[in-house]
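A.B. asks: Handing you a structure now.
The values are calculated or read from the model by the stated rules, or taken from the named source; none is laboratory data. Keep in mind the model is a prediction, meaning the values are calculated, not measured.
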Amino acid sequence: MPRPPNVDPLRATIRNLGQQIGQELAAAFTNSFNSSVDKNGVRNGLSGAKRGRPASVSGGAACAVAGCGRKRAAKGLCQNHYAKAHRLKMNLEKLGASDYKLLGEDGRATRWSK
């Protein structure tokens, strides 16, 4: 069955319109991308700058628990002892000598002794 004579010009018009829309979208994307790139060619936000809080200035001081030589993370404790104190629900603002002793003990030894 032959096509109506008006269909082919309509398809050509639709094809041309699609190409024009594609070109406009590509130009808009390129302009948007170029405006988000700084003058050094590095995308804003990905320039290698560290995010978040700056590291503490403790200078690599050791953990306050006796016998632990790990680097301090927070409240004078290394990450492991800080997590243990948090698990034991200790008041991290007021840790005493008995608290430091408890944090230094190996809980596995007492758990498995008969």
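A.B. asks: Identify the residue in the stretch 34-75 that is outside any loop (DSSP other than H, G, I, E, B) and under 23 Å from the mean Cα position of the chain (by Cα) and, among all such residues, is modelled with the highest pLDDT.
C.D. replies: If we take residues in the stretch 34-75 being outside any loop (DSSP other than H, G, I, E, B) and under 23 Å from the mean Cα position of the chain (by Cα), then Lys71 is modelled with the highest pLDDT.
A.B. asks: Okay, moving on. Filter the stretch 6-26 down to the residues that are modelled with pLDDT under 90 and of a type in the set (Gly, Ala, Ser) and list them by number.
C.D. replies: Within the stretch 6-26, just Ala12 meets the criteria.
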